Structure formats: structure tokens, C-alpha cells
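Visitor: Structure in C-alpha cells, see below.
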Amino acid sequence: MTKQPDKIKRRTTVTREPKTRNGVTAVILFGLVAGMTGLAFASDPLYRIFCKVTGYGGTTQVAEAPAKSKIVDQMVTVRFDANVNKLLPWQFKPVQNTIKVRLGEQAIAFYEATNVSDKPIVGTATFNVAPFKAGEYFNKIECFCFTEQVLKPGQMVQMPVTFYVDQSIIKDRNTVDVKSITLSYTFFASDDQSEAEKLQTTQFITDEKDTIISREVVPKG
Amino acid sequence: MQNSRRIILRYKSGVAFLITAFAAFMASGANAAEPKPWQMNFQPAATPVMEKITEFHNLLLTVEVGIVIFVLALMLIIIFKFNAKSNPEPSKTTHNTPLEVIWTVIPIVILIIFSVPSMKLLFFMDKAQNPEMTLKIVGHQWYWSYQYPDHGGFEFDSNMIPDEEIKPGQRRLLDVDNQVVLPVNTEVRLLMTSEDVIHNWAIPAFGVKLDTVPGRTNETWVKVTKPGTYYGQCSELCGVNHGFMPVAVKVVSKDEFKQWVAKAKKEFAKVKAAPVKVVEMNTPVQAKVR
Amino acid sequence: MSDTAHADAHDRHDHRPTGWRRWVYSTNHKDIGTMYIVMAMIGAIVGTATSVAIRLELHEPGIQFISDFQFYNVLVTAHGFIMVFFVVMPALIAGFGNWFIPLMIGAPDMAFPRMNNISFWLLAAALVMLVIAGLIDGGPGTGWTVYPPLSNADYHPGMAVDFGILSLHLAGASSILGAINFITTIVNMRAPGMTFHRMPLFVWAEFVTAVLLLLAIPVLAGALTMLLTDRNFGTTFFSPAGGGDPLLWQHLFWFFGHPEVYIIIIPAFGVISQIVSTFAKKPVFGYLGMAYAMAAIGVVGFVVWAHHMYTVGFNVETRAYFTLATMVIAVPTGVKVFSWLATMWGGSIKFDTPMLYAMGFIFLFVVGGVTGVTLANAGSDIAFHDTYFVVAHFHYVLSVAAIFAMYGGFYYWIGKMSGKQYPEGLGRLQFWVSFVGVNILFFPQHFAGMAGMPRRIPDFPDAYAGWNMISSWGAYITVVGAILFFVVLWKTLKSENAAEANPWGVGADTLEWTVESPAPFHTHEQTPSISTQPAE
């Protein structure tokens, strides 16, 4: 387009770029492909770290107990929400619907989980807070979600979560409007069921007893 | 919850009276916002958010139609003026710096004009002022369930009415057995999640469309300013019956809402008591134990 | 070294395989290009069949003939995969690219002819795998986006999704090898004087596309591998049960997926630039701006992916960023459109079929482009996400525009490729039928989408019946256009109408028009030397 074909002259000798140059180019390009593939796999840990650090997507923070001196008088309502994945035959609900806490003040809330199946199952909980922007300021000190939970058939457990909401939430222009934060959990059947299988072996021996347990512990509904 | 749902389903298919009861509810939905035949524009807005979306879109559409007409006009001129017959000698122009600067700068200006209301709208949608109540929405393959955590936590499922059970006045693929009921002029916090795959809870007239993602809870808000019945459909491919899990919301006055809550508490509490019995059965484990 | 190369060239001259060996073992860029184009035609027949099945099902409310909704979802999935990976990419990138990159830059062949052969057969194998995926275990009903958890082993047990993943892996490997070949050829094998700033815009387009492929496909490959191991080997990259996040898939998929749409459309830009310049009998207006606009679109294309995910539940700042970044793309795109118009302005245009397609491309691309601005805004996108409005948008910019570029490129180059010129009258008729068809097909989908009709549903509320019926009729007209195309192809190949070396006259000034038609098996064995003024 920008060159004129009428000026093309044909040479009689062939001058080709050396083949090695093509080889070098190809090696560089393959390197680029390998790099991008590596990046794709690296994205998994990087994404997790990113969410943890920035509270992205409502990821909560893990913290030590807060200093008493940091408590301010402003209140925030924390709402509790519970979900169970379809593939996990558990019931799971918060014991209290909401708690009002002062910013910076440590609080404890309870959740209740019941295994309604006839097999021991390991569950693991995912969590986030809504609105997402509060994630950066929502600190958990102790949480059942830090570990996996094993529940025997019919077994019901109450599980605590201790937390505080960082008082700097009111200093952030973005989050100053947040009056209530929902803390939400979803229990999944853990991919690693080895703990449950151990229980199951013992369960065969004490089958009668287990049946009794499942009749005794009836969820309150 | 898992078992209760199965019970509910069995209960419903066995006894049709729930459906009959709610048919009465739906008949009273006077000013329904729903798609109309040959409709070319948005459904009428029922929330401040949708009003703002409509307004912003009107701006976008006006400018965009202008751009298309401008390009079309240029092309028509080209067709009539610069065809081989009318213009046998092509010009040799390949550059015109001022012109190139103009057609770079003018789009930038237009985009800046767009971006201001765009950002305003976006941040307005994001901010829930101070919701008075909460509606919890859970997506399932292939129905929705709803909880009212601030009203005693009763919950119910909302299934599409199959074609063969549609009664006159009901909307095929849109009407459900149990509609969500919300009070008018009330800010409602919507919490959404899913217990299986990703779904999307959407109501066009509300300007609400949010994925329900398993393992995470999304939050948005809605404030409906006009009573009526509003319809939407699942808006994320979720498997076989993706097209058959509609959303139907009935918006009523605050008083009517209170009455409904009182009634619904009894109605759905009964169903919810079911799991106690289930525990005694030997429920097969559904968990995929690897 | 040059002696060896000379000897090589000489060898190849003597060794010209015939019969099936010529094709199966082919290392000739023209033959491989032809094979890609034939494959794209086969893909187009299958892909069109799926879309017609979809439109027949949506012709009226209620279930017409697809009562198995999984099958409907499989059709939707197959339509997307086939059209993207087995029609547009093989035709626009690999088909025309293989044929004309060496011809346009004065190279005798691609840099790695045998790798070129492998690329083709990998893609053929991928197509076979995809067909197998569709036929076993209920097929993959996940949409081309394959979002987990729907695509994981709990919700899609069986081998269908695994075969789909392997198919994409093969197609991806094919694309990567092809891209390496293209880049190496363009970087190292340009004739003396053919500087980067003198390369035809089609070569520029293929170069940018190859770079995008090289950067985007490995990310898809990584994500697909993770999905495969999630499904089969108990990893939990995308499964919350093991600490993964299904949204990570969406990020990775769209990090590939958004550049992918430019991978589809940038070669089309290249084809249109050649056609417009040829028929206007003018050099491209603002050549450098055109070249770098494509590069800019490619670069920005990598930082806008999450605009496909506005409704997943993002922090507001994320949506604000992606809104602004996405809108930036409108600027280089505008430069391209206005430069095409300016190229035509003052031209002496003969409206032959390729030019009709170029004009159609530009207009319909603008129609699809402006709705792209609407969708770029996270605020207004809430109203459109996952509705038929989006379907209309991306079919205008991708399907209609890309297919118009394919048709246009075919009419433009068929003389060079086959040595026969197409029948002009029938070609124009084919254009008009297609133009009317696609507009009737896709324009009403804007309305259905605004009224709220979601995508990927086998039945719709009765209110959407009107626009859907019109849309379906548009699909049938478009199919008539496609059948006409095959008639044109048949008549061309059977005709006695031998094409000249340059059927288009002075406007066609790129190197492929300096060789005879059909292009001989070996071309540019004697390197042409381009001595001209640098690009203005």
C-alpha cells in the first residue's frame, strides 16, 4: 500500500535470513508462551494473596485480639448469615441474627451446625462479608472456619467466632457509610474426607450407639 | 435445610393447595411490570436505580445513534460522490494531521462526557443508604428460595408454574408458585448466594442483576417505589433448566406486607418443621466423598 | 548459508507431491492456507446448522423440537466454540494469513513449514474432539465460557466436558504454533526494503493477532488444565470446598477471552484495509495510525477483561476502573473507522463484491461498536448483562463483521487463490441477501434484550415472540446467503473465467498481485526487493 510495486526489481541471488535466526526467534517466543502459562498457574496463589491482603471480595482479615484503648463509641451492626452447599447434608444457622458492637470491641457469636446424615462428614466453611468494602476492616480472632469440622451422624455443634471491626472503618471515605456488615459462611463437604473415614471405621463397631446419638440430638428446627 | 427442601417439594407435588392459595395472591397483582409484545425499550423503571439507568442510557443512545447516522451519511456521500463514474481520478491524499487529531480528540471528549454520569450511577448503585430490612436469596438448580432473616427467618421456595398448570392471567415462564413479597418505598438489603452453581437474580424493572455465587454472599439493595408485580429470569447459564427459574416479586403497601409476614410465618413455619422427622430416616449421604 | 538455502529451494522445486500426499504432508503455505479455508467452510456448515437449530427452536414461544434442554445448551456451546475456533480463526488468521503473509512480504514460505503442517492437523484433531464431546455423556452444556461449578465434575459428570477441554487444548496448541510461525516469518523473512513501516496492513494485523494469541492462549491453556485437574484429580483451583474460587476461572477465562475477540476482529481489520485501499485506488489514509491503532487495541485489550463480569459481585472501584479502561478502546477503534472513511473519501471507487462487503463491514461494525460503549459502562450494563442485547452486540461486531471480512477476503483473493474469477453479479446478489439477512437476524435482538430477554434459554415468555420470530426469519435469509456463497464458490471453480495476475487494477499494489494467478506452487523464490519511499 505504501510501497509501489512498479519499483520492485527481482534479484537473481537468493539472500535468506540464516535459519538460526528463525530458531532464535522461535525459542524466544516459546519462552514467552511458557512464561504466560506459568503466570496463569501463579495466578491462583497470587489471587488468594491479593484477596487476603486487600480484603477484596469481602475477604476478612485475621488478627490478634484488639487493644482495649482502640475502642470507640460508634456502633456497627453485624449480621450473621449461614449457607450449606447442596452436596453437604448438614444444617447450619447462626444462633443470633445480629449483634451490635462498638468499633474496635471484641465480640463473640455462635453458629450451630448439625449433621443430618447417617455418616460422619468433614465440612469446611468459606466466608466473606458484605458489603465487600468492609472486608478490610473486619478482623477475625478465632473462627471455626480456620479449620475443618468433623461431625458424626446427628451430631450438633455450636461453633464460636470472635471478631472485631477495626475503628479505622469510619476514617475511610469509602466505608464511612457502612452501618451494618453481614458476615456470611457457606459450609461445603470438604474434599479431604479422611478424618470422616477414620470415624466411620470405628462407627461400624459402635453402630448401635451411633444410632442412638442420631435420635437423641434433634435439631431445634 | 437440604432435607427440608426435599420435603417441601414432595409436599407441594402431593398437595396442590399451596398453589391455589397463591393464585389468589397473583390475581391481585394489578400493575405488573413485565415485557410487552413488540417492546423496543426498557421495562418501566420501578426503582430509583432503574430510573437512573434509563436516563443514562437515553444519553448514550442519543449520542450513539448520532454517531451511526454520521457514519452512514459519510458513507452515502462516498457512494454517490466518489464512485468510479463520478470521480474517475482518485485523490492522492493520505494524510491530514489536523483531521486525525480531531477524530482522536472528539471521541475522547465524548467518552469523558459519558464517564461522568456513568461513575455517578455506578457509585449510587453501590451505596445502600440504610436498609430497613433484609431479603436473603438463594439460587438452586432450578428454583429460587427466599428467607426473611429480619422477620423471624421464615423461608420458602419459589418454583416456576409449569406450562400445563398455567391459569388464565398467569404469565407463562414468569409466574411462580410463591412470589417474593416486599413492602413499597422501603430500602431492602438483598443478600444473594447459591447452594450449587452460579445463578443470577435479575429483575429488569428494578435495575437489579447480581450473580449468586456458591461460597460467597453478594449484597445489593432495592427500593421499589410502585406497588405491583415484577418479573425477571435467571440470567446466568446454570444448567438444563436455566430458562425455567423465573423471579416474581410482588410489591405491596407496608401494611399489607405486615399482614403477609404474619400469614407467611405460619404458613412456612409448618413446612420448616419437617427436618426433625427427617433425621430419624436413614438419609442417604449426598456428599461426594472422594 | 545462502547457498544452502538456494539448494533447499531448488530441491523443493523438484519435489512437488501430488494426490493426498500433497495435502496431508503439506508444508506449502498456500496448500495449508487452502486447507484451513476448507476447514473453516466445514466448520461454518456445522456452526450454522447449530445456530439454525437454535433459531428454529426460538421461532415461536413454547418448545418446537428440542425438548432436551441439555441438548439445547450443547447447541449453544457448540455454536460458540465452532464459530470462534473452527470458523473465524482458521479462515481469517490461518487461512488468509498462510496464503498471503509470505506473498505480501516477499517470502518464499513460512519460517517453519513443517510446524505449519502440525498446526493444521492439531486443529483438525481438535475439531474431531469437539464433535466427540458433543456426542457423549449428554455433551457439554456449559456455554463457551465453561464456568465452574457448572462445568465441574459434580454438575457435568461424564467425559463430555473433558473432551471439550482437550479439544480447546489442541486448538490452543495449534494457535500457539501458528502464532510463533507467523511472528517469526514476519520478523525475519521480509524481503529487503520491506520494513515494518512498509508492510501491508493485513500483515500488520496478522502480526498483532499472532502476538495476542501468544500471550492469551497460554492463559486459557493454564486455566483449562486447572479445570481438568479439578474435574479428574481432586485439585480445587475453582472449588470453594477446597479453598478455591469459581471467580478465578472467570478472571482467567476472560483474560484470554477478551483478547480473543480482538484476535478474531483484527485480521478482519487487515482484510478490510486491503480491500478499501484497492477499490478506492488510494493508499490507506493514515497508514501508521492504522497500524498502531491495531497495536493499541491489542495492548488495551489485555487490561479490560473484567467488563465481562460486572454482575459477579465486584468492589465498586473495580467496576469503575474496568468501565473507564474499556471505554478507552473506542478511541483507536474510532481512528480505524474514520481512517477507512478517509481512505474512501476522494477515491474512485468501483463497488465490486469485495468493496460491498468492506462497506457493509464498516457500517455494521460501527453499529455493533456503539452498543459496545453502552455495555462498557458497569452502571448501564446491569440492565443488559446476559440479555439478548449482548447477543446482538457481539454478533454485530464479531459474527457479522468477521464473516463479512471473510466473505470480502474470499471475493478479493479468490482469483489469486484459484486462478478463476468469481461471477460478479451473483457475488453482489450474495452480498445483498446476506446483508439483509444478518440485519433482520440481529437487529431485533437489541429490542428483545432491552425488554429483558435473557440469553441461552430454549423457550421465552410469550411477550418476546414478535422479535424472536423476525430474528428467526433473518436467520433463514442469512442461510440462503450462505448457500448462495457455496453456489458462487462452485461456479467460480467450474468457470472458464481465468483471473488475471491483478484483476483489480492500480489500487491493488501489494506484492501478491505481482505473481501470476493462480499463485504458483512456489513464489518469491527470488527475493523481490522493495525500493520505494518510506511510508509517508
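The values are calculated or read from the model by the stated rules, or taken from the named source; none is laboratory data. A quick note: this is a predicted structure, and the numbers were derived from the prediction, not measured. So basically every Cβ, Gly included, is an ideal-geometry build from the backbone, and we count neighbours across all protein chains shown.
Visitor: Give the residues of the range C:485-512 that are of a type in the set (S, T, N, Q) and under 23 Å from C:Thr48 (Cα atoms), sorted by residue number.
Guide: Hit for the range C:485-512 is C:Thr492, nothing else.
Visitor: If you check A:Thr77 against the conditions, is it closer than 20 Å to A:Thr175 by Cβ, more than 12 Å from chain C (Cβ to nearest Cβ) and either aliphatic (A, V, I, L, M) or surrounded by 19 or more Cβ atoms within 10 Å (Cβ to Cβ) (or both)?
Guide: In short, no.
Visitor: Still on this structure: Out of all the residues in the range C:131-180, which are within 25 Å of the chain's Cα centre (by Cα) and among the aromatic types (Phe, Trp, Tyr)?
Guide: C:Trp144, C:Tyr147, C:Phe163, listed by residue number.
Visitor: Check off (1) over 23 Å from C:Ser273 (Cα atoms); (2) crowded, with 19+ Cβ neighbours inside 10 Å; (3) polar (S, T, N, Q); (4) in contact with a strand residue (DSSP E or B) (Cβ under 8 Å, 6 or more places away or on another chain) for C:Thr514 and give me the number that stays unchecked.
Guide: With (1) over 23 Å from C:Ser273 (Cα atoms); (2) crowded, with 19+ Cβ neighbours inside 10 Å; (3) polar (S, T, N, Q); (4) in contact with a strand residue (DSSP E or B) (Cβ under 8 Å, 6 or more places away or on another chain) applied to C:Thr514, the lone miss is (1).
Visitor: So, of the residues in the range C:35-88 that are among the hydroxyl-bearing types (Ser, Thr, Tyr) and part of a helix (DSSP H, G or I), which turns out to be nearest to C:Gly481 (Cα to Cα)? Full working, then the answer.
Guide: Taking the range C:35-88 and keeping what is among the hydroxyl-bearing types (Ser, Thr, Tyr), we get C:36, C:48, C:50-51, C:67, C:72, C:77.
Filter once more, keeping what is part of a helix (DSSP H, G or I): C:36, C:48, C:50-51, C:72, C:77.
Working: C:Tyr36: 22, C:Thr48: 12, C:Thr50: 16, C:Ser51: 15, C:Tyr72: 25, C:Thr77: 24 Å.
Across the range C:35-88, the extreme among qualifying residues is C:Thr48.
Visitor: Counting only residues that are farther than 21 Å from B:Pro149 by Cβ and touching a residue at least 60 places away in the same chain (Cβ under 8 Å), give me the strands (runs of 3 or more DSSP E) lying completely in the range A:49-113 with at least 2 of them.
Guide: none
Visitor: Just name the residue that is surrounded by the most Cβ atoms within 10 Å (Cβ to Cβ) out of those in the range C:286-296 that are part of a helix (DSSP H, G or I) and either touching a residue at least 60 places away in the same chain (Cβ under 8 Å) or facing chain B (nearest Cβ under 10 Å) (or both).
Guide: Per the criteria, the residue is C:Met294.
Visitor: Here's something else I'd like to know. Take the residues in the range C:442-475 that are facing chain B (nearest Cβ under 9 Å), of a type in the set (A, V, I, L, M) and under 16 Å from C:Gln64 (Cβ atoms), then tell me which one is surrounded by the fewest Cβ atoms within 10 Å (Cβ to Cβ).
Guide: Taking the candidates together, the pick is C:Ala465.
Visitor: Further, regarding this structure: Does A:Asn97 count as buried (at least 20 other Cβ atoms within 10 Å of the Cβ) and facing chain B (nearest Cβ under 10 Å)?
Guide: In short, no.
Visitor: Here is a follow-up. For the range A:64-113, enumerate the residues that are in contact with a helix residue (DSSP H, G or I) (Cβ under 9 Å, 6 or more places away or on another chain) and among the aromatic types (Phe, Trp, Tyr).
Guide: Of everything in the range A:64-113, those that are in contact with a helix residue (DSSP H, G or I) (Cβ under 9 Å, 6 or more places away or on another chain) and among the aromatic types (Phe, Trp, Tyr) turn out to be A:Phe80, A:Trp90, A:Tyr111.
Visitor: Additional query: Would you check if there is a residue in the range B:47-70 being farther than 23 Å from B:Pro227 by Cβ, of a type in the set (Gly, Ala, Ser) and either surrounded by 15 or more Cβ atoms within 10 Å (Cβ to Cβ) or touching a residue at least 12 places away in the same chain (Cβ under 8 Å) (or both)? Working first, answer last.
Guide: In the first step, residues of the range B:47-70 are kept if they are farther than 23 Å from B:Pro227 by Cβ; the result is B:56-70.
Checking which are of a type in the set (Gly, Ala, Ser) leaves us with B:66.
Still in the running and either surrounded by 15 or more Cβ atoms within 10 Å (Cβ to Cβ) or touching a residue at least 12 places away in the same chain (Cβ under 8 Å) (or both): none.
Checked against the condition, which is being farther than 23 Å from B:Pro227 by Cβ, of a type in the set (Gly, Ala, Ser) and either surrounded by 15 or more Cβ atoms within 10 Å (Cβ to Cβ) or touching a residue at least 12 places away in the same chain (Cβ under 8 Å) (or both), the range B:47-70 yields no hits at all.
Visitor: Continuing with this model, one more query. Of these, A:Glu195, A:Glu148, A:Glu136, which one is in contact with a strand residue (DSSP E or B) (Cβ under 6 Å, 6 or more places away or on another chain) and over 17 Å from A:Ala82 (Cα atoms)?
Guide: Selected residue: A:Glu195, the only one of A:Glu195, A:Glu148, A:Glu136 that is in contact with a strand residue (DSSP E or B) (Cβ under 6 Å, 6 or more places away or on another chain) and over 17 Å from A:Ala82 (Cα atoms).
Visitor: Quick one: in the range A:27-55, which of the residues that are buried (at least 19 other Cβ atoms within 10 Å of the Cβ) and over 20 Å from C:Met226 (Cβ atoms) is farthest from the other protein chains (Cβ to nearest Cβ)?
Guide: A:Gly55
Visitor: Which condition number does C:His446 fail, the rest of (1) out of contact with any helix residue (DSSP H, G or I) (no Cβ under 7 Å at 6 or more places or on another chain); (2) within 21 Å of C:Ala383 (Cβ to Cβ) being met?
Guide: (1) is the only condition that C:His446 fails.
Here is a yes/no grid of residues against (1) in contact (Cβ under 8 Å) with a residue 12 or more places away in the chain; (2) under 24 Å from B:Thr104 (Cβ atoms); (3) of a type outside the set (D, E, K, R); (4) surrounded by fewer than 24 Cβ atoms within 10 Å (Cβ to Cβ):
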| site | (1), (2), (3), (4) |
| --- | --- |
| C:Gly243 | no, no, yes, yes |
| C:Phe269 | yes, yes, yes, no |
| C:Ser273 | yes, yes, yes, no |
| C:Tyr310 | yes, no, yes, no |
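Visitor: Inspect all residues belonging to the range B:63-78 and state whether any of them is within 8 Å of chain C (Cβ to nearest Cβ) and either more than 30 Å from C:Phe285 (Cα to Cα) or modelled with pLDDT under 95 (or both).
Guide: For the range B:63-78, residues within 8 Å of chain C (Cβ to nearest Cβ) and either more than 30 Å from C:Phe285 (Cα to Cα) or modelled with pLDDT under 95 (or both): absent.
Visitor: Here is a further query. From the residues in the range B:76-99 that are assigned to a helix (DSSP H, G or I) and out of contact with any helix residue (DSSP H, G or I) (no Cβ under 6 Å at 6 or more places or on another chain), which one is surrounded by the most Cβ atoms within 10 Å (Cβ to Cβ)?
Guide: Restricting to residues being assigned to a helix (DSSP H, G or I) and out of contact with any helix residue (DSSP H, G or I) (no Cβ under 6 Å at 6 or more places or on another chain), the top hit is B:Leu99.
Visitor: Would you confirm whether any residue within the range C:147-164 is of a type outside the set (D, E, K, R), surrounded by 24 or more Cβ atoms within 10 Å (Cβ to Cβ) and more than 14 Å from chain B (Cβ to nearest Cβ)?
Guide: Yes, because at least one residue in the range C:147-164 is of a type outside the set (D, E, K, R), surrounded by 24 or more Cβ atoms within 10 Å (Cβ to Cβ) and more than 14 Å from chain B (Cβ to nearest Cβ).
Visitor: Right, another one. Look through the range C:476-531, keep the residues that are facing chain A (nearest Cβ under 10 Å) and in contact with a Gly (Cβ under 7 Å, 6 or more places away or on another chain), and return whichever of them is nearest to C:Ile275 (Cα to Cα).
Guide: C:Leu511
Visitor: Another question, if that's okay. Quick one: B:Lys254 ticks every box in (1) surrounded by 20 or more Cβ atoms within 10 Å (Cβ to Cβ); (2) touching a Pro at 6+ places or on another chain (Cβ under 7 Å); (3) of a type in the set (D, E, K, R) except a single one, so which number is it?
Guide: (1)
Visitor: Here's a check for you: in the range B:168-206, which residue that is at positive phi and touching a strand residue (DSSP E or B) at 6+ places or on another chain (Cβ under 8 Å) is nearest to the other protein chains (Cβ to nearest Cβ)?
Guide: B:Leu173
A quick yes/no check of all residues on (1) within 19 Å of A:Ser190 (Cβ to Cβ); (2) away from every other protein chain (no Cβ under 11 Å):
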{"position": "A:Ala125", "(1), (2)": "yes, no"}
{"position": "A:Phe132", "(1), (2)": "no, no"}
{"position": "A:Gly135", "(1), (2)": "no, no"}
{"position": "A:Val165", "(1), (2)": "no, yes"}
{"position": "A:Asn174", "(1), (2)": "no, no"}
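Visitor: Of (1) touching a residue at least 40 places away in the same chain (Cβ under 8 Å); (2) touching a Phe, Trp or Tyr at 6+ places or on another chain (Cβ under 7 Å), C:Leu248 satisfies all except one. Which?
Guide: If we test C:Leu248 against (1) touching a residue at least 40 places away in the same chain (Cβ under 8 Å); (2) touching a Phe, Trp or Tyr at 6+ places or on another chain (Cβ under 7 Å), just (1) comes out false.
Visitor: Which residue is nearest to the other protein chains (Cβ to nearest Cβ), if the candidates are limited to the range C:107-143 and must be in a loop (DSSP other than H, G, I, E, B) and closer than 28 Å to C:Asn188 by Cα?
Guide: Applying the filter and picking the extreme gives C:Ala111.
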